[in-house]
Amino acid sequence: GDSIYKMAMKWVKKKWNGNKGKGSKYFTSTYKGELHELREQLNSNQSKDRKVALMRVVGAMTIGKDMSSLFTDVLKCVGTNHIEHKKLVYLYLVHYASRHDELVVLVVNTLVTDTRSHNALIRGLALRTMSCIRV
């Protein structure tokens with residue numbers, strides 16, 4: 001379980017670093033009102049806003065910041081059809097599932113549905129996430 005998490009974190013860093021420095025903005029220091037701003041972006045109707053927020057949340061999580069207060073807002077993004085969003089949400093879930101075990105139960109139905117997807121990547125993500133969370 002832990003090695004899969006480390007591999008996923010390496011993927012996130014590689015993905016952002018591979019954008020020729022564009023990803024460094026996701027690893028910047030926090031500022032007053034950041035969590036409120038992230039919460040608004042996660043609940044946005046715009047897919048692009050949600051993606052940016054998810055990348056910022058996972059980026060902050062990667063460098064050790066506690067982003068667990070956004071758990072319910074990230075959980076709302078789990079039903080997306082965008083693969084990049086799913087990767088980020090599932091990575092977040094694996095990291096914080098043990099702290100919010102009563103809320104993780106809400107995502108099980110989506111995970112089971114994703115195991116029936118025609119896309120092998122989505123099936124794999126769902127299986128990996130189910131195997132890493134302790135419900």
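The orientation-averaged shadow of the Cα convex hull for segment 82-135, equal to a quarter of the hull surface, comes to 3.2 nm². Solvent exposure of Glu37, expressed as accessible area, is near 70 Å², computed with a probe of 1.4 Å over the protein chains only. Per-residue Karplus couplings for segment 105-114, computed as 6.51 cos²θ - 1.76 cosθ + 1.60 with θ equal to phi - 60°, are listed in order as 4, 5, 9, 4, 4, 5, 4, 4, 4, 5 Hz, Gly and Pro entered as x.
For the pair Ser98/Asn119, report the inter-label distance in nm, with labels modelled 7 Å from Cα in the Cβ direction. In this crude label model, Ser98 to Asn119 measures out at 3.0 nm. Legend: translational diffusion of segment 43-135 by Stokes-Einstein, Rh = Kirkwood radius over C-alpha pairs, 37 °C, 0.692 mPa s; D = 248 µm²/s.
The values are calculated or read from the model by the stated rules, or taken from the named source; none is laboratory data. Nothing here was measured: the structure is a model prediction, and the numbers come from that model. Here the Cβ is made from the backbone with ideal geometry for all residues, glycine too, and neighbour counts use every protein chain on show. With ligands, DNA and RNA removed, areas are computed over all heavy atoms of the protein, side chains included. Shrake-Rupley method; radii C 1.70, N 1.55, O 1.52, S 1.80 Å.
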